[in-house]
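Structure record follows, encoded as structure tokens.
The values are calculated or read from the model by the stated rules, or taken from the named source; none is laboratory data. Source: prediction; values computed, not measured. As a convention, Cβ positions derive from the backbone with ideal geometry for all residues, glycine included, and neighbour counts pool all protein chains shown. Surface accessibility is based on the protein's heavy atoms, side chains included, excluding ligands, DNA and RNA. Shrake-Rupley method; radii C 1.70, N 1.55, O 1.52, S 1.80 Å.
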Amino acid sequence: MSILDIADVERLKRINDALIHRVERAMDQQRNAFSLFQTAIALEGQVRRRTDELTSTLRNLERTNAELARQKEISERADQSKTRFLAAASHDVLQPLHAAQLTMSALYDLQDTERGRAMVAQVERSLDTMNELLHTLLDISRLDAGVMVPNHAAVPLVPVIESLLSDLKPIAEAKGLRLQTSITGDHVRSDRTMLRRALQNLISNAIRYTDRGGVLIGTRRRGDMVAIEVVDTGCGIPLDQRERIFDEFHRGPAAKERAGRDGDCALGLGLSIVRRLVTALGHELSLSSEVGKGSRFRILAERCEPPAAGETRSQTAQRPVSDATLAGRRVLLLENDFEVTRAMSTLLDGWGCEHRVAASQAEAAGVLDKGFLPDLIIADQHLDQGDHGTQTVATLLQRLRRRVPVILATADVSEPVMAQAAQLGAEFMSKPVKPAQLRALMAHMLATAP
């Protein structure tokens, strides 16, 4: 039917509206399709730009990672160089000082006049100061370089503090001071050697700056912690000095006044090494003081259970238990430094010991081949031919098939060397060794040997 045949106007309107609606809907669909097309193109552009940005970022990140890896390798090589330097410094710097101290001890015994002995004693005091300074500087360098790492274990406080008392009590008594203790039988989680060094510096400082009264070393529980305190009745520390005293080479007014009055040659390093040691151990260090009345230094450490029986070997410092003489005893000295060998030979001759010297494992075997059977072995760690004292001693003990007392006297105070000495059952002495301590330890070990 043709639209001309439709006479109904209303019907024509409805048809017209329907047609217009269809056309509009088609146009809307076309517009929507075009809009979607445009949106797709825009999104594609954004994705492309984001992809380019991510690609550039990833490339930059790869370059940054490569640079970080290179810097890390450089840092690791630098740390290794520091480690080698400190090991060399410990050995090469302390060896001549060790020889000098041994020589001065032998020279003291040869003096016939009081003036001669006084001059030798003055040189010995200067050498002791050099020894303390070098050890402290090396310790600071090891801590700053991350070379000295604590070996945490259950450390008994009683033997550690008692060994310090035996070393420091004569110094306190010479000043007329009381050195007292109030110690609980606790164990703390710490490194025995590092904790002992920190306490030694605190107690020495307390004795140095106390003229009347005394020093108290006490421990007390604080919940799961143990407070280790060193309390003195000395001059006290002014408020404005309580942070500065931990700086290297800082000497407060009291220290300077004492230096001028008594000739005290303290260098202001003791408390600096204490703070570094305590920080490395993960303990807390605090100070309270009142000028004219005294000071209290406190180390707060974690309390722990003691190890099972037989789990660890006691490291309590040995003391002579008899007046056993060294005369006639046979000593094998494993040492490759000429000056140290000469000084040690002079001392051993003066003590009446029969001794032989070997600078390597092969030379030591040759000494035994000639029938020399030692009663005691004194060994350095670093020998000729790249030999190590601990390894050489282990080989000699297997060959001797009997228990022989061993002293490992070395400037290498690294944890592996100390652990090897403990495995051998050897007594460890760090160079430079004081002749009186060496002689006392030799006498003790020979007197108690099976």
Original post:
What residue, among those in the stretch 271-285 that are within 13 Å of the chain's Cα centre (by Cα) and not β-branched (Val, Ile, Thr), is most open to solvent (accessible area, probe 1.4 Å)?
Top reply: Arg275
**OP:** Within the stretch 411-431, track down each residue that is farther than 23 Å from Asn131 by Cα and of a type in the set (Gly, Ala, Ser).
**Re:** Ala419, Ala422, Gly425, Ala426
Subject >> Residue ID - modelled with the highest pLDDT, chosen from residues in the stretch 292-333 that are surrounded by 17 or more Cβ atoms within 10 Å (Cβ to Cβ) and assigned to a loop (DSSP other than H, G, I, E, B) >> reply: Arg329
Original post:
Say we look at the stretch 152-207 and pick out the residues that are in contact (Cβ under 8 Å) with a residue 40 or more places away in the chain and β-branched (Val, Ile, Thr); which of these is surrounded by the fewest Cβ atoms within 10 Å (Cβ to Cβ)?
Top reply: Thr184
**OP:** Just need a number here: residues in the stretch 431-448 that are closer than 30 Å to Ala121 by Cα and open to solvent by 50 Å² or more (accessible area, probe 1.4 Å).
**Re:** 4
Subject >> Residues located in the stretch 221-250, provided they are under 19 Å from Gly294 (Cα atoms) and open to solvent by 60 Å² or more (accessible area, probe 1.4 Å) >> reply: Thr233, Leu239, Asp240, Arg242, Glu243, Arg244
Subject >> Residue identified as within 14 Å of Leu332 (Cα to Cα), touching a Ser or Thr at 6+ places or on another chain (Cβ under 6 Å) and not aromatic (Phe, Trp, Tyr) among Asp380, Asp384 >> reply: Asp380
Subject >> Scope the stretch 380-408; condition in contact (Cβ under 8 Å) with a residue 40 or more places away in the chain and either of a type in the set (D, E, K, R) or over 16 Å from Ala365 (Cβ atoms) (or both); matching residues >> reply: Asp380, His382, Asp384, Arg403, Pro405
**OP:** Collect the residues in the stretch 65-85 that are open to solvent by 70 Å² or more (accessible area, probe 1.4 Å) and either at pLDDT 75 or above or farther than 30 Å from Ser414 by Cα (or both), keeping them in residue-number order.
**Re:** Asn65, Glu67, Leu68, Arg70, Gln71, Lys72, Glu73
